Amino acid sequence: MNKLRQCFFCAACTASFFFCIPSFADGLSAAQAQVQRETIVSDAKKYIGSPYADGAIGPDSFDCSGFIYFIARESIQVQLPRTAKAIYSYVKVIPDNKLEPGDLVFFRTTAAGSISHVGLYIGKRQFIHAASDGPNNGVIASSLDEAYWKSHYAGAGKFLESGERSSESDDSGETAAPAADTSFSGGKSPADGVQNTVSFLDSLECNFSLSADWALFTTNQFVPNYRGLNTQADVTVTNWPLHPGAGVMLRWNYGVHSMQIPLVFTLSFTDFMRVYAGPVITIGSCALPATDTGISPSFFPGVAGVSFSLPSFSTGKVKVRIIQDICYTVFNDTDGSALPFVESVTAGLVFSTGIRVTFPLSVFTN
């Protein structure tokens with residue numbers, strides 16, 4: 001039993017470390033790239049009319065970068081950074097006469113002069129974006145020729161391979177907009193095709209949660225029972241595959257009468273589900289719930305769980321979610337041997353219900 005537990009936890013933690021390494025898509029043919037580009041443009045058009053909400057990433061509402069982040073991930077399974085500034089750092093800057101449908105266009109709309117808005121270019125000098133104000137807001141289509149967007153245009157970038165049509169000059173007869181300036185491309189012209197360095201800090205997302213722990217049974221009876229309080233703080237990398245992260249939990253485990261500090265590694269498969277695993281530091285003696293029978297906490301393997309969340313409520317860049325975790329913590333007999341199955345499940349299987357607050361680390365740096 002102990003060997004099976006160790007294999008499970010080793011596999012979970014190894015996967016966490018493995019997916020912390022960014023991956024890059026294999027090169028596509030021009031025909032395959034063209035299909036990708038047509039797919040993302042077609043899917044983006046389906047969301048025209050969706051409302052704008054600061055900090056939202058869909059599927060019901062979006063902010064500007066949240067729309068691009070969502071549509072790239074959901075339509076063609078490409079993971080982009082979360083903010084407009086970070087996306088600009090991620091893409092390959094291109095000259096305007098190389099724009100293709102499926103490329104991104106960027107704007108400077110704030111007094112600070114930094115990249116603050118992004119849209120998806122769909123051809124014919126048009127782009128789809130989530131606008132926050134003006135006569136039309138929400139997800140809309142706009143023209144690069146409109147006075148406001150023309151005066152705030154910053155440049156274009158690509159994150160997909162070029163399609164069968166390498167530029168749109170045949171369609172429009174002219175290039176898209178004023179050339180981008182060079183303040184974000186290391187002093188080189190966008191025509192040099194510079195692949196900018198990803199701003200790592202812009203890709204980090206902070207999470208804080210507070211939950212109440214409970215279980216469905218004790219060793220003697222099937223009855224819901226209170227198991228303690230649980231807080232967690234972690235940081236997630238949003239522009240790497242599966243959103244890997246790491247954090248620490250502080251858990252008053254009332255069920256076994258001890259304080260526990262799990263050190264967890266996380267993987268987020270979607271905005272609504274993630275898994276975690278890691279070792280556990282335990283302070284104090286432990287006993288089976290509702291008994292005086294002593295048990296021994298395990299450092300490693302320690303804890304593993306899966307977390308589900310409802311759609312978020314957004315306030316600015318801060319998202320608040322209701323979460324439900326299913327968590328298993330390893331305990332052994334006092335002699336180090338495995339507990340009987342029923343006692344092991346009674347001591348270790350816990351449900352956590354609470355809230356999680358999420359916000360980008362960039363709120364402190366921008």
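The values are calculated or read from the model by the stated rules, or taken from the named source; none is laboratory data. Keep in mind that what you see is a predicted model, and the values were worked out from it rather than measured. Here Cβ is always computed from backbone atoms with ideal geometry, including for glycine, and neighbour counts include all displayed protein chains. To get the accessible areas, we keep the full protein, side chains included, count just its heavy atoms, and leave off ligands, DNA and RNA. Shrake-Rupley method; radii C 1.70, N 1.55, O 1.52, S 1.80 Å.
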When residues of region 33-77 are filtered for being open to solvent by 60 Å² or more (accessible area, probe 1.4 Å) and among the acidic types (Asp, Glu), how many remain?
4
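Could you tell me which residue of region 297-310 is modelled with the lowest pLDDT, considering only residues that are open to solvent by less than 40 Å² (accessible area, probe 1.4 Å) and either in a strand (DSSP E or B) or of a type in the set (Asp, Glu) (or both)?
For region 297-310, the residue satisfying everything is 309.
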Residue pairs within 6 Å by beta carbon, gap of at least six or interchain, first lying in region 236-259 and in a strand (DSSP E or B), second open to solvent by 50 Å² or more (accessible area, probe 1.4 Å) and among the polar types (S, T, N, Q), listed first then second, are 250/231
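Given the condition closer than 16 Å to residue 56 by Cα, hydroxyl-bearing (Ser, Thr, Tyr) and in contact with a helix residue (DSSP H, G or I) (Cβ under 6 Å, 6 or more places away or on another chain), answer yes or no: does some residue in region 103-111 qualify? Please lay out each step first, then the result.
In the first step, residues of region 103-111 are kept if they are closer than 16 Å to residue 56 by Cα; the result is none.
Within region 103-111, not a single residue is closer than 16 Å to residue 56 by Cα, hydroxyl-bearing (Ser, Thr, Tyr) and in contact with a helix residue (DSSP H, G or I) (Cβ under 6 Å, 6 or more places away or on another chain).
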A careful count of residues in region 311-359 that are over 12 Å from residue 211 (Cβ atoms), of a type outside the set (S, T, N, Q), open to solvent by less than 20 Å² (accessible area, probe 1.4 Å) and assigned to a strand (DSSP E or B) gives 2
Counting only residues that are more than 30 Å from residue 59 (Cα to Cα), touching a residue at least 40 places away in the same chain (Cβ under 8 Å) and in contact with a helix residue (DSSP H, G or I) (Cβ under 9 Å, 6 or more places away or on another chain), which one in region 271-290 is most open to solvent (accessible area, probe 1.4 Å)?
290
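So that you can scan it fast, the table gives a plain yes or no per residue for (1) among the hydrophobic types (A, V, I, L, M, F, W, C); (2) in contact with a Phe, Trp or Tyr (Cβ under 7 Å, 6 or more places away or on another chain); (3) closer than 20 Å to residue 264 by Cβ:
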position: 287; (1), (2), (3): yes, no, no
position: 295; (1), (2), (3): yes, yes, no
position: 299; (1), (2), (3): yes, no, yes
position: 305; (1), (2), (3): no, yes, yes
position: 330; (1), (2), (3): yes, no, yes
Would you confirm, using the coordinates I've provided, whether residue 266 is of a type outside the set (Lys, Arg), over 18 Å from residue 290 (Cβ atoms) and open to solvent by 60 Å² or more (accessible area, probe 1.4 Å)?
no
Checking the structure you have, find out if any residue of region 78-93 is open to solvent by less than 60 Å² (accessible area, probe 1.4 Å), of a type in the set (Gly, Ala, Ser) and either at pLDDT below 85 or more than 14 Å from residue 159 (Cα to Cα) (or both).
no
For region 58-69, indicate whether the set of residues that are under 13 Å from the mean Cα position of the chain (by Cα), over 22 Å from residue 108 (Cβ atoms) and at pLDDT below 95 is non-empty.
yes
